[in-house]
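Got a structure here, written out as structure tokens. Questions coming.
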Amino acid sequence: MSDWKKYVREHLPHLAIEPGREMEIVDELAEHLDAAYRDALAGGASEQEAYKLAAELFADWRLMECEVAAAEHYGAGARLGRAIGEWNQPLNSQKRGPIMESLLQDLRYGLRMTLKKPGFALVAVIMLSLGIGANTAIFSVVHALMLRPLPYFEPERVFSVCETDNSPRSRDGLSTLWASPRFEMLRQGVPTMDFAAFNSVLSKLTGAEEPEQISGEYVSPNYFSVLGVRVIAGRAFTEEENQVGGSKVVMVSHGFWQERFGGAPDVIGKTIELNKTPHTIVGVLQPGFKGQRGSTNFWAPFNSDLQPGSRRLTDPNIWWFEVIGRLKSDASRRQAEAGVSLMTRRIAEKYPPHASFRDRQIKLVPLRDRKLNPVIRQSFLIMLAAVGFTLLIACANLANLMMTRMAPRRREIAVRLAVGATRWRIVRQLLVESIVISLIGGMFGLLLAFWGVDLLNKFKPASSGSIFWANYANAFKFFSIGLDAPVTIFNFALAVITGVVFGLIPAIQATRVDVNDALKEGADGTAGLFRRRLNLRQALVALEVAVTLTLVIGAGLMLRSFAEMQAINLGFDPDRILSFYVESSEQNTDFYRQLRERIAALPGVESVSLTIVSPLGGAYSNQAMQVYGRPPEPDIEKSRVFFHAVNHDYFRNLRIPILRGRSFTAEDRAGTKRVAILNATAARQFFPNEDPVGQRIKLGFYEGTPGEEWAEVVGVAGDVKYLSLDGEVVSDVYHPNDQFNEAHTMVARTSHDPKLLIGAIRNEVRAFNKDAAVGSLEMMEQRVSNATSSARFNTSLMSLFALLALLLAAIGIYGVIAYAVSERTREIGVRMALGAQARDVLKLVLFQGMKMIAAGLTIGLFGAFALTRVMKNLLYGVSATDPLTFAAVSLSLAAIALLACYVPARRATKVDPIIALRQE
Amino acid sequence: MIEKEVKRGSTETLILALIEERARHGYEIAKLIEARSEGVLQFHVASLYPLLYRLEKRGLIKGRWVEKAGERRRRFYSLTPEGKKALTEQRQTWADFFSALDRVAKIKPA
């Protein structure tokens, strides 16, 4: 007599159903076997034969288990039931389309499985929303800057017409300004293009209580058709309106119309007051069009601002406006370029350029390239790569988590495979699960991105002269950054792709089961495949470490570069300095001297100096310098110096050291001997082996300009950063302003917070002369900070992503080691039972972790070496392969990774051999 | 493939028909199918029990444990009213099916 119940229990795997029901089934099957066995005995078989006969009835336990499980489980049961039921109702169920139906089924199942393990789902959604949100935010910038077509008709046919400029003043190698007679030749000489001129201005919107500065453009009447923007109300300018001193008419931006007139339809014919002159509104432009600066509110006819007889129209050397051109419909860019290049020569023949302009070529620059500097483009592509990497790390982590989660589900998968599901069907099912999670992450990601874009817009770098001569602020304005439809689509497409990326490997892994093995093992048994999977997990973590290392090295380089920038010696002390210029029609020599004295007398002002340009103020005039007793230098670039006119206490006020000789004094004024002070760079450049003090020099742009006197060098001052923070210091020559009277900029050092004096200074200037206007009123410290704001922006973003990556990678390492330890508990128990010490166990586990970390670090070092090169242009004072950064980051990452291993490794040493061995 | 489905579809009808007379247990059903079809429809126990469970889930049959003196506890299955209805329908479907087969291919039901 055999115990058939025990027999069934031994052969039928757990069904994962309600235990009472399972016992009933076991009883019933055992009863069947027992009946068959007795029948066989009764039929004359021996006990052995009867046993064999009965056992053969149930030979296929796998099939039995699957079918019973299928019958008992709703999902799979329904499938099978339908297959059978189809004979009764052969046609009806096909109506909805089998693929849609099963996808919906997958979706429902996916949602159910997700909700079943809310912990996993929560972790996954957090990681994914961070990753996807960051990607979407950065992509919104990349999309606006590089992908979204400009809001013009056929924007690819519109070009900015510039000249190449290789002088150090030009940061992008282009000069955009034109002079009227030259432009006239160009306009008539290139039949393949239509050209339009525009001049950006800031005007005062008066008439309301508080005058306000708004930005405008004086444009040729064809400007709008050349750009290809629509007039949505009213009309564009006529040729008559474009006469010198012509009628005062304006067109306004859609935004201005909405904001100031509430979008009122009767805006045409109304007037606005610009600089106290009423202007009639004749048209409104299409939404989103904000001119070439990205902030234009009004447009006026090009010539209407000029006075009759203005030299601007006739002087070929007054460069004052910009030009855009559109290819005519039948012309190609190549034809237009040929025409433009021909005109370069013709114009040069008619109006011979300055010696230093001789190499200039007229160039067609696509509008986008003109607005989007390569450095900005590059920095955002790097950011996009960085967030992409971060998401990749999150994916690797989730893939690992998914694999852990798959282990207990292998039986479910095996059953489904056994019941006849194809592998693809199950992979699809699992993918739907990961995509469901990923889409939820995408939804939250979109919210985060919304917020992120807001932050990006808020904390965009200020415009300034800095290593990122690229003007982020202007680019952000011109290409309005925001979450639009394509970016939202990107967000969700990325979510789906992410779901596939982190779901595919676990899905393929999970379905690569030998059904027999899987069903034979215990319910949570994974021993057979443990080794292979762990290798895969380790490979994933190694990948994470590699990617993280690359990212963190990138961030490290930027941090070092940023630190280098912070340590730049400005050459002056920006503490509590206010800088501003005063514009006045007053040509009286005493005007600025008197104004300076009045401002110096304000309470809280320590001292005020006059200069042409204050430090970090950007471009200023440059001239060729000649040294007395030497022949004129034929190469203008070698004799180029930058010209300053300062009053005598300028050096003391800004705390610029005088290295040799003396500073200016009150005695250095008009009528006395001309004197000059060189900066250290000029002293080195022109007098490498002589004492510059006592030498005589002469400035003058044109060779042999008459009337310039020789000036004696009386001192050498320290180098000051005038053009930009990170650029090379150029040769500067200072003259006493009393001998030139060209300085309209004031620098005031205050005794306390300079912000408090801004109002007082404005009032004082207005009280002194009501026509005088204060411009560019800035705190010097703010200007210094702006100069590094692009670097700060990039460094912060990069560091943020690197930190995120680091955190994710640490979690990943911890997860895998913890999993490995839990899987090896028994093995560790055996080892400890056989006498292994805690130290040995620690070594065992750490070694396992170190293998993958070392592999990751090695790959990461190569990756970083290859990838950080693209950052070269974003770095200051540090090489893209800076060994110190590479070494420091690798070591820190290794330390963090080891720590992440150490925590679970410690736990492994606490394994109690007795409990571990009892586990099975 | 079709053979398998026919077999499955028909087995369901067979089981319903067998327990229409009286409640029977699994072993008896298996034996009866084998005996009455003279071995042609001998099918695997691995399919029988799942089919019974499925029919029970669908509410067509009802299983009940019965313990008789001197015998082991056995689970007897009987037809529910829904089962009866389903059986009538299925008989009709099969009849239609066979008459269709007959009209087309000259296959007469036994």
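Taken together, the values in this text are just the output of simple stated rules run on the coordinates, not laboratory data. Keep in mind the model is a prediction, meaning the values are calculated, not measured. For neighbour counting, all protein chains shown are included, and Cβ atoms are generated from backbone atoms with ideal geometry for every residue, glycine included.
log₁₀ I(q)/I(0) of the range A:258-306 at q = 0.27, 0.28 Å⁻¹, via Debye over equal Cα point scatterers, no solvent, to two decimals?
With no solvent term, the Cα-only Debye profile gives -1.33, -1.37.
What are the extents of the Cα atoms of the range A:371-413 along their three principal axes, in Å, largest first?
59, 13, 7
Whole-Hz ³J(HN,Hα) for each residue in the range A:6-13, computed from phi via Karplus 6.51 cos²θ - 1.76 cosθ + 1.60 with θ = phi - 60°, x for glycine and proline: what do you get?
Karplus values, whole Hz, x for Gly and Pro: 5, 4, 5, 4, 6, 9, 8, x.
List the pair-distance distribution P(r) of the range A:732-880, using every Cα-Cα distance, as the percent of pairs falling in each 5 Å bin from 0 up to the bin containing the longest distance, rounded to whole percents.
Cα pair-distance distribution for the range A:732-880, in percent: 2, 6, 8, 10, 9, 8, 7, 7, 6, 6, 6, 5, 5, 4, 4, 3, 2, 1, 1, 0.
Using only alpha-carbon positions, what ratio does the radius of gyration of the protein assembly as shown give when scaled by 2.2 N^0.38 Å? Kindly include the intermediate steps, with their values, before the conclusion.
Details: Rg = 42.9 Å, N = 1030, 2.2 N^0.38 = 30.7 Å.
That works out to 1.40 for the protein assembly as shown.
Let me ask something else. Plugging the Kirkwood radius over Cα pairs into Stokes-Einstein for the range A:534-684, at a temperature of 20 °C and a viscosity of 1.002 mPa s, what D comes out in µm²/s? Can you show the working numbers first?
Working: Rh = 20.4 Å.
Answer from the Stokes-Einstein relation: 105 µm²/s.
For the range A:118-194, what's the radius of gyration and Dmax over Cα atoms, in angstrom?
23.1, 73
Can you figure out the FRET efficiency of A:Leu834 with A:Leu899, using R₀ = 35 Å and their beta-carbon distance, to the nearest 0.05? Display every interim value, and only then the final one.
Values: r = 29 Å, r/R0 = 0.83.
E between A:Leu834 and A:Leu899, to the nearest 0.05, is 0.75.
Then there's this: Of A:Lys328/A:Lys371; A:Lys363/A:Lys458; B:Lys31/B:Lys57, which ones are farther than 25 Å apart at the Cα? Provide the component values of the computation, followed by the final result.
Numbers: A:Lys328/A:Lys371 22 Å; A:Lys363/A:Lys458 35 Å; B:Lys31/B:Lys57 23 Å.
Pairs exceeding 25 Å: A:Lys363/A:Lys458.
Hey, which aspartates and glutamates would be in cross-link range of A:Lys755, C-alpha to C-alpha under 19 Å, not counting anything within fewer than 8 residues on its own chain?
Candidates past the 8-residue exclusion: A:Asp573, A:Asp575, A:Glu606, A:Glu764, A:Glu778, A:Glu781.
Rg(Cα) of the range A:833-901 divided by 2.2 N^0.38 Å? Walk me through the numbers on the way to the answer.
Numbers: Rg = 17.0 Å, N = 69, 2.2 N^0.38 = 11.0 Å.
Rg over 2.2 N^0.38 Å, computed on Cα atoms: 1.55.
What percent do you get for the relative contact order of chain A when only Cα pairs under 8 Å and 6+ apart count? Let's see the in-between values first.
Details: 1532 pairs, mean separation 132.8, N = 920.
Contact order relative to length: 14 percent.
Enumerate the aspartates and glutamates that B:Lys106 could reach by cross-link, defined here as Cα to Cα under 16 Å, with residues fewer than 8 away along the same chain left out.
B:Asp96
With N set to the number of residues, divide the alpha-carbon radius of gyration of the range A:776-837 by 2.2 N^0.38 Å and report two decimals. Can you show the working numbers first?
Details: Rg = 25.0 Å, N = 62, 2.2 N^0.38 = 10.6 Å.
Relative to the rule-of-thumb radius for its length, the range A:776-837 sits at 2.37.
Hey, another quick one. Do the alpha carbons of any pairs in A:Lys350/A:Lys638; A:Lys6/A:Lys910; A:Lys276/A:Lys477; A:Lys116/A:Lys843; A:Lys248/A:Lys350; A:Lys248/A:Lys477 sit beyond 31 Å of each other, and which pairs?
From A:Lys350/A:Lys638; A:Lys6/A:Lys910; A:Lys276/A:Lys477; A:Lys116/A:Lys843; A:Lys248/A:Lys350; A:Lys248/A:Lys477, over 31 Å: A:Lys6/A:Lys910; A:Lys116/A:Lys843; A:Lys248/A:Lys350.
List the aspartates and glutamates whose alpha-carbon lies under 15 Å from that of A:Lys270, not counting same-chain residues fewer than 8 positions away?
In chain and number order, the partners are A:Glu259.
Which ³J(HN,Hα) values, rounded to whole Hz and listed in residue order, are derived for the range A:273-280 from phi using the Karplus coefficients 6.51, -1.76 and 1.60 in 6.51 cos²θ - 1.76 cosθ + 1.60 with θ = phi - 60°, glycine and proline given as x?
With the stated coefficients, the range A:273-280 comes to 9, 10, 6, 6, 10, x, 10, 8 Hz.
Hey, what angle do you get for helix A:47-57 against the long axis of chain A, alpha-carbon based, 0 to 90 degrees rounded to 10?
Orientation of helix A:47-57: about 40 degrees from the principal axis.
Rank the residues A:Met193, A:Met113 as a footprinting-exposure proxy: fewest other Cβ atoms within 10 Å of their Cβ go first.
So the residues, fewest neighbours to most, are A:Met113, A:Met193.
May I have the extent of the alpha carbons of the range A:204-300 along their three principal axes, as whole Å values ordered from largest to smallest?
Reported extents, whole Å, longest axis first: 37, 30, 27.
Going from the alpha-carbon gyration tensor of the range A:227-277, what semi-axes, largest first and in whole Å, does one get by taking the root of 5 times each eigenvalue? Kindly include the intermediate steps, with their values, before the conclusion.
Values: eigenvalues 80, 49, 18 Å².
Sorted largest first and rounded, they come to 20, 16, 9 Å.
Ranked by Cβ crowding within 10 angstrom, fewest neighbours first, how are A:Glu827, A:Glu349, A:Glu764 ordered? Show your work: numbers first, answer last.
Working: A:Glu827 14, A:Glu349 8, A:Glu764 17.
In order of increasing Cβ crowding within 10 Å: A:Glu349, A:Glu827, A:Glu764.
Note down, for the range A:289-375, the three equivalent ellipsoid semi-axes (square root of 5 times each alpha carbon gyration tensor eigenvalue), biggest first, whole angstrom. List each step's numbers first, then the result.
Working: eigenvalues 110, 104, 43 Å².
After scaling each eigenvalue by five and taking roots: 23, 23, 15 Å.
What FRET efficiency would be calculated for the residue pair A:Lys116, B:Asp96, taking the C-beta separation as r and a Förster radius of 35 Å, to the nearest 0.05? The partial results should precede the final answer.
Working: r = 45 Å, r/R0 = 1.27.
For R0 = 35 Å, the calculated efficiency reads 0.20.
Given only helices, namely DSSP H runs of n ≥ 4 each adding -39500 (n - 2.57), what is the per-residue ellipticity at 222 nm of the protein assembly as shown, to the nearest 500 deg cm²/dmol?
Values: 33 runs with 535 residues, N = 1030.
Here the helix-only value at 222 nm equals -17500 deg cm²/dmol.
Size of the dipole of the protein assembly as shown about the Cα centre, Lys and Arg at +1 and Asp and Glu at -1 on the beta carbon, nothing else charged, in debye to 20? All intermediate terms of the calculation are to be shown ahead of the outcome.
Numbers: 124 positive and 106 negative charges, 438 e Å.
Result for the protein assembly as shown is approximately 2100 debye, rounded to the nearest 20.
In a Debye calculation with equal point scatterers on the alpha-carbon sites of the range A:371-444 and no solvent, what is log10 I(q)/I(0) at q = 0.20, 0.26 Å⁻¹?
Values, matching the q order: -0.95, -1.18.
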